[in-house]
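K.L.:
Structure incoming, see below.
The values are calculated or read from the model by the stated rules, or taken from the named source; none is laboratory data. Everything quoted here is computed from the prediction, not taken from an experiment. Here the Cβ positions follow ideal geometry from the backbone for every residue, glycine too, while neighbour counts run over all protein chains shown. Note: areas computed on protein heavy atoms with side chains; ligands, DNA, RNA excluded. Shrake-Rupley method; radii C 1.70, N 1.55, O 1.52, S 1.80 Å.
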Amino acid sequence: MRFDINMIIRKLTISMLLILMPAFISCESVRPEKWDPYSLQWPEKTPRIKYHSSIMSELDVIEKRDIVDKISGEARRPVRLLKPYGVTTDDLGRLYVSDIGRIFVFDKKEKRLLFFEETGRPKRPLGMFYDRKDRLLYVADGELNKVYVFTVDGKLLLEIGNNDELLRPGGVAVDSLRDRVYVTNTGRHTVSVFNTKGQFLGNIGTRGNGPGQFNFPTQITIDREGRIYVVDTGNFRIQILEPGEDFMVFDKEIGSHGTAYGELGRPKGISLDSDGNIFIADAMFHGITVFNREGKVLLAWGKRGFRPGLFELPAGLHIDEYGFIYVVSQGNARVDIFEVIK
């Protein structure tokens, strides 16, 4: 009896397809669940933080129909963030985001997008600080080794760091009541101090891991009492310094290196809420860690991902006067906004 091997293979193949076909049909009929960022809340049992919205491009502040090329009259691609880093807000309801070669100004109230840029300045803007008293925006430029001061209409008013005092500055904080500008001088592992006219007054700290010493400090913020909070990134901690007779003196440090809950891996952005709690953006863990001023961990939240509300290399962090939390997700080229659940 002769066997047709090709015939046998064909029959076996058809049989296998008939067996597997229901599984294929079942898989095709299952659609992925729609992503709902508004369901994101932390912690799950007693939520305190929830997702609010995101900012990625001019479409988030103006109508799509308004995006028209001035010359051709045809629709154009919306201008969007490329590699953002810093974020802050002003008292006019505008959101500032530092990006490559420019400062984005998202004005939802007026439904427009503006830019701060002056003949190649800033070139690599990083940390920012808005001084509400004088309505000025301070911007640290990590490539040009300056801090630029802009008026709210985008006019360049002042350059700080004209005599090579700064090397790769990462952040800036201003105490206009005491006439002080504090700059994290990342490349020189210190905090440099200027007055608001741009005159260099001196440095705080040296390189090291002891109290008042720094290792690649990046971001900085200030509280109502004039204490400064320095993200000592290379030492995986936050250092709090308070006003002394001349400069700031060491008060305490918060945080430690590790992978456990509440520990830090690559701290970057920092901001304080109205209760004085300290929010830290951690680029290694793709999340936010919250401490009280005594250093107790209150909450660690966030998750890595590319969808709205998830983080990829969070950098800048800012909390406005209404309690909204703005987090720059650098790898996602957007700012995610969260709110506190009362």
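K.L.:
I'm spelling it out carefully: the read-out is Rg and Dmax of the Cα atoms in Å, the candidates are (1) 22.4, 70; (2) 19.9, 64; (3) 25.1, 107, and one was derived from this structure. Which label?
P.N.:
It is the value labelled (3).
K.L.:
Just read off the accessible area of Phe306 with the full protein assembly in place, 1.4 Å probe, to the nearest 10 Å².
P.N.:
Result for Phe306: roughly 140 Å² accessible.
K.L.:
I'd like the carbon and sulfur percentage of the solvent accessible area for the chain, probe radius 1.4 Å, heavy atoms only, ligands and nucleic acids excluded.
P.N.:
Carbon-and-sulfur percentage of accessible area, whole number: 52.
K.L.:
Right, here's the next one. Keeping every protein chain present and rolling a 1.4 Å probe, give me the accessible area per residue for the stretch 187-342 in Å². It would help to have the intermediate numbers written out before the result.
P.N.:
Working: 6490 Å² over 156 residues.
Result: 42 Å² per residue.
K.L.:
Now a separate question. Modelled label-to-label distance, Thr46 and Glu63, 7 Å Cα→beta-carbon offset: nm?
P.N.:
4.6 nm
K.L.:
Right, something else. For the ranges 285-293, 49-57, what's the packing order if you count other beta-carbon atoms within 10 Å of each residue, average per peptide, and put the highest first? Walk me through the numbers on the way to the answer.
P.N.:
Details: 285-293: 19.8, 49-57: 17.9.
In descending order of packing, they fall as 285-293, 49-57.
K.L.:
Around Pro314, under 12 Å between beta carbons, what's the net of Lys plus Arg minus Asp minus Glu among the other residues? Kindly include the intermediate steps, with their values, before the conclusion.
P.N.:
Details: positive: Arg266, Lys268, Lys303, Arg304, Arg334; negative: Asp282, Glu312, Asp336.
Taking every Cβ under 12 Å from that of Pro314, the sum is +2.
K.L.:
Mind listing the long-range amide H neighbours of Arg237? Cut-off is under 5 Å, sequence gap 5 or more, other chains count too, H placed in the peptide plane at 1.01 Å from N.
P.N.:
Asp232
K.L.:
Let me ask you something else. Using just the helices of the chain, give the 222 nm mean residue ellipticity in deg cm²/dmol: DSSP H runs with n ≥ 4 each add -39,500 (n - 2.57), and the total is spread over all residues, rounded to 500.
P.N.:
Helix contribution divided over all residues of the chain: -2500 deg cm²/dmol.
K.L.:
Here is a follow-up. Add +1 for every Lys or Arg and -1 for every Asp or Glu among the other residues with Cβ under 14 Å from the Cβ of Arg293, and state the total. Write down the numbers at each step before the final one.
P.N.:
Numbers: positive: Arg224, Arg227, Lys252, Lys296; negative: Asp223, Glu225, Glu242, Asp251, Glu253, Asp273, Asp275, Glu294.
Counting the neighbours of Arg293, the net charge comes to -4.
K.L.:
DSSP loop (so not H, G, I, E, B), at most 14 other Cβ within 10 Å: list which GluC sites (Glu not before Pro) in the stretch 130-214 pass both filters.
P.N.:
Answer by residue number: Glu143.
K.L.:
Once phi is turned into ³J(HN,Hα) by the Karplus curve 6.51 cos²θ - 1.76 cosθ + 1.60 with θ = phi - 60°, what whole-Hz value does each residue of the stretch 97-114 show in order, with x for glycine and proline?
P.N.:
10, 7, 9, 5, x, 6, 10, 7, 10, 8, 10, 6, 5, 8, 6, 8, 10, 10
K.L.:
Ok, one more. Any chance you could look up the accessible area of Phe216 with a 1.4 Å probe, heavy atoms only, rounded to 10 Å²?
P.N.:
Its accessible surface works out to 80 Å², give or take rounding.
K.L.:
Here's something else I'd like to know. Given the peptides 187-193, 272-278, arrange them by the average over their residues of other C-beta atoms within 10 Å, most packed first.
P.N.:
187-193, 272-278
K.L.:
A further question follows. What is the magnitude of the charge dipole of the stretch 257-316 about its Cα centre, with +1 placed on the Cβ of each Lys and Arg, -1 on the Cβ of each Asp and Glu, and no other charges, expressed in debye to the nearest 20?
P.N.:
Dipole about the Cα centre, nearest 20: 200 debye.
K.L.:
Within the stretch 62-161, which trypsin sites (Lys or Arg not before Pro) sit in a loop by DSSP and count at most 16 neighbouring Cβ atoms inside 10 Å?
P.N.:
Working: sites: Lys64, Arg65, Lys70, Arg76, Arg80, Arg94, Arg102, Lys108, Lys109, Lys111, Arg112, Lys123, Arg132, Lys133, Arg135, Lys146, Lys155; in loops: Lys70, Arg76, Lys108, Lys109, Lys111, Lys123, Arg132, Lys133, Arg135, Lys155.
Answer in residue order: Lys70, Arg76, Lys108, Lys109, Lys111, Lys123, Arg132, Lys133, Arg135, Lys155.
K.L.:
Rank Glu245, Glu312, Glu225 by accessible area, highest first, at a 1.4 Å probe radius?
P.N.:
Greatest to least solvent exposure: Glu245, Glu225, Glu312.
K.L.:
When every alpha-carbon pair in the stretch 264-342 is counted, what percent end up more than 22 Å apart?
P.N.:
Every Cα pair in the stretch 264-342 considered, those over 22 Å come to 15 percent.
K.L.:
Can I ask one more? Show the residues, 5+ positions off or on another chain, whose built amide H is closer than 5 Å to the amide H of Met284.
P.N.:
Gly265, Arg266
K.L.:
How would Asp175, Asp251, Asp153 line up by accessible area, probe 1.4 Å, largest first?
P.N.:
If we order Asp175, Asp251, Asp153 from most to least accessible, we get Asp153, Asp251, Asp175.
K.L.:
May I pose another question? Lys/Arg Cβ at +1, Asp/Glu Cβ at -1, dipole of the chain taken about the Cα centre: which of Gly226, Gln199, Phe338 is farthest positive-ward?
P.N.:
Projecting each Cα onto the dipole axis, the largest value belongs to Phe338.
K.L.:
Apply the Karplus parameterisation 6.51 cos²θ - 1.76 cosθ + 1.60, with θ equal to phi minus 60°, to every residue of the stretch 186-200 and state each ³J(HN,Hα) to the nearest whole Hz, in sequence, with x for glycine and proline.
P.N.:
Values per residue, Gly and Pro as x: 4, x, 10, 6, 8, 10, 8, 10, 10, 8, 6, 8, x, 7, 6 Hz.
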